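Read the structure below first, then the notes.
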Amino acid sequence: IFGADYYPEHWPEERWREDAALMKRIGINTIRIGEFGWSVIERKEGEIDFSLYDRAISLFAEYGIQTIMGTPTATPPAWLCQKYPDIYMMNRHGDIGAMAVEDIIAIIIKATGCLLYTSPSPRDPKTS
């Protein structure tokens with residue numbers, strides 16, 4: 001496997017074919033997509049749409065490039081953050097902090113064994 005991250009949601013769809021051709025030319029045979037796509041997949045609560053990723057996966061497959069679909073939890077959609085504010089990372093004082101995504105994921109997994117808080121509340125000092 002010789003791969004790269006690729007985020008089709010960040011590029012005009014007309015650009016994907018050129019990117020796939022360039023990747024094939026340099027020997028890339030696998031891409032990883034989707035980590036930042038939750039807000040693309042579920043723009044409104046309960047309305048799931050993978051069509052953008054379906055098109056990207058199909059196009060890259062035409063160039064012999066396989067796809068690893070990442071778990072799209074790095075960027076929850078705005079509706080989720082507004083409806084469930086307890087998913088924000090907070091320190092023991094209740095301050096919402098800005099951290100690198102990797103730091104947030106590591107803390108959440110360590111504290112809860114999952115990627116989003118459901119219970120206990122992140123305001124609980126034992127999990128901050």
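Listed by position, the helices (runs of 4 or more DSSP H) contained in segment 1-99 that have at least 2 residues being at pLDDT below 95 are 38-41, 78-83. Residues in segment 45-64 that are in contact with an Asp or Glu (Cβ under 9 Å, 6 or more places away or on another chain) and not aliphatic (A, V, I, L, M): D49, Y53, R55, F60. Tell me whether segment 68-81 contains one or more residues that are of a type in the set (S, T, N, Q) and within 17 Å of M23 (Cα to Cα). No: zero hits.
Give segment 1-35 a look and list any residue that's touching a Ser or Thr at 6+ places or on another chain (Cβ under 8 Å) and open to solvent by 70 Å² or more (accessible area, probe 1.4 Å), or say none. Matches in segment 1-35: I1, F2, R32.
The values are calculated or read from the model by the stated rules, or taken from the named source; none is laboratory data. As the structure is a computational prediction, the values presented were derived from the model and not from experiment. All Cβ positions, even for glycine, are placed from backbone atoms using ideal geometry, and neighbour counts span all protein chains on display. Areas reflect the complete protein model, heavy atoms only, side chains present, ligands, DNA and RNA absent. Shrake-Rupley method; radii C 1.70, N 1.55, O 1.52, S 1.80 Å.
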